[in-house]
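Worksheet: the structure to be examined is printed underneath.
The values are calculated or read from the model by the stated rules, or taken from the named source; none is laboratory data. Treat the numbers as computed from the prediction; the structure is a model and nothing was measured. Neighbour counts are summed over all protein chains in view; Cβ atoms, including those assigned to glycine, are modelled from backbone coordinates with ideal geometry.
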Amino acid sequence: MDQQGIYSVNMTEAERAEFEAFKAAAAKKAEQERIKKMREDYEVLVDDTINESIPSLMEVSKAIAAAKSKVYDDFKTIISLKSELFRLRKGEELDVKSHTFTNRTSDKRIILGVYTLDNYKDTAEEGIAIVKEYISSLAKDPESEGLVKMVLQLLSKDSKGTLKASRIIQLRRLADETGNERFIEGVKIIEDAYCPAPSKTYVKAEVKGENGEWINVPLGMTES
């Protein structure tokens, strides 16, 4: 050992190679232990942060739900009065999916409504059969085959087995363009079978901006 506390050791090439391999293995093990510790620390940090965040988010969710419920309660009488004032004919209620209320200065408004899901009565299948019967009879050349493919695509159902109302609107345009009574009849049967199912209710709030545009008041996590 010299004055600086450094040992000098004589090694053969084989011993040196064995020592270098030992050092490499020790360094690799130390790195693996370091990474393992980092992963453990990461998992603990994630757990702790989630456990701290969830309660406050649940409180926010409860507050939004309570505010939404209060707004609907506050407007219950107003909606009833609106229905009384603006019913189409005596004994016939307004059938609307949303209500927009604007203050007299026209700088604030609240929109109450309900999201709907596309839904059709079983009679829609009769219309679908008529349309397919007519359209299949046209598949005689490449041009008509393209039309057949387009119509069949419009009649395709989603993963829940439901027709898309937006596609039926396109189908109506095609039927009107052809002028074929059978095609139009089939589409009308499908349209008459449409009975959208109510989903979730919603509340939207908007205020006028400096330039007179309506600005949405963020009420959800994705909007803030």
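Observations on the structure shown:
- Among residues of the range 134-159, those that are within 18 Å of Glu185 (Cβ to Cβ) and without any contact (Cβ under 8 Å) to a residue 12 or more places away in the chain, counted: 2
- Qualifying residues in the range 177-220 (those that are of a type in the set (S, T, N, Q) and outside the structural domain of Leu147 (by TED's automatic domain parsing)) - the one farthest from Leu138 (Cα to Cα): Asn211
- Filter result for Val114 (in a helix (DSSP H, G or I), within 33 Å of the chain's Cα centre (by Cα) and β-branched (Val, Ile, Thr)): no
- Qualifying residues in the range 165-183 (those that are surrounded by 15 or more Cβ atoms within 10 Å (Cβ to Cβ) and small (Gly, Ala, Ser)) - the one nearest to Leu147 (Cα to Cα): Ala175
- Extreme residue, modelled with the highest pLDDT, among residues of the range 132-167 that are assigned to a loop (DSSP other than H, G, I, E, B), closer than 16 Å to Phe183 by Cα and of a type in the set (A, V, I, L, M): Leu155
- Selected residue [within 28 Å of Thr116 (Cβ to Cβ), among the hydrophobic types (A, V, I, L, M, F, W, C) and touching a strand residue (DSSP E or B) at 6+ places or on another chain (Cβ under 8 Å)] from Ala165, Ala175: Ala165
- Residue in the range 185-201 that is surrounded by 13 or more Cβ atoms within 10 Å (Cβ to Cβ), of a type outside the set (Asp, Glu) and under 30 Å from Ile54 (Cβ atoms) present: yes
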